[in-house]
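Nothing in this text is a laboratory measurement; each read-out follows from the coordinates by a stated rule. Keep in mind it's a predicted model, so treat the numbers as computed, not measured. With ideal geometry, Cβ positions are generated from the backbone for all residues, glycine too; neighbour counts draw on all protein chains shown.
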Amino acid sequence: MDERSTCGFILKFADGGSKTICSNHAMRAISNLQGEIMNRKIILVLVTSLVVSVLSGCGNTPESVVKGYYTDLGRGNLSSAKGALSKQILDMFPDAKVMALLAEQSKKITGCGGLKSITTNYEIQGELAKGTTAFEYNDCPSRKERISLIKENGAWKITH
């Protein structure tokens, strides 16, 4: 009697090997595989949710927004830096002008050998935050800058 007639399935592998399995074993294997795929999907959804919540939490303080903004400028991530700007600033200039100003700031940072450190000190007053940011460069003298932020749709944005 042929193996196929007693057990039902012959699995052929890419390396030329094969394995005979009975239909009840095949169904159990398929069920296990479906369960494994479902578990992986659940894990992927959980990991994605965790990453999104962690990343969205990074922008919840004025300090983290300012540090992220200047870090992005130092790395040349202009689009990401633009995302830290308030609607008020973005509405004042055409998009090309905003990107040119960001590119100019980025060039200044890279011209100073990049940022060595960013230190912030902010006071929140309702929907506004005001404070100073101290920049230490690798190849230029340190400097301080006063920066204001406003809360837009629950997220801090740089307004000056």
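Structure notes:
- 16 Å cut-off, amide nitrogen to a point 7 angstrom out along Phe93 Cα→Cβ, residues in the range 121-160: 148, 158-160
- The gain in end-to-end length when the Ala100 to Glu145 segment is fully stretched comes to 14.2 nm, 0.36 nm per residue minus the alpha carbon separation.
- Inter-site label distance for Arg40 and Ser117 at 7 Å from Cα along Cβ, in nm: 4.6 nm
- Estimated FRET transfer efficiency (Ala134, Leu33; beta-carbon r; R0 45 Å; 0.05): 0.20
- Using the Cα coordinates of the range 62-158, the gyration tensor eigenvalues translate into equivalent-ellipsoid semi-axes of 21, 18, 10 Å, sorted from longest to shortest.
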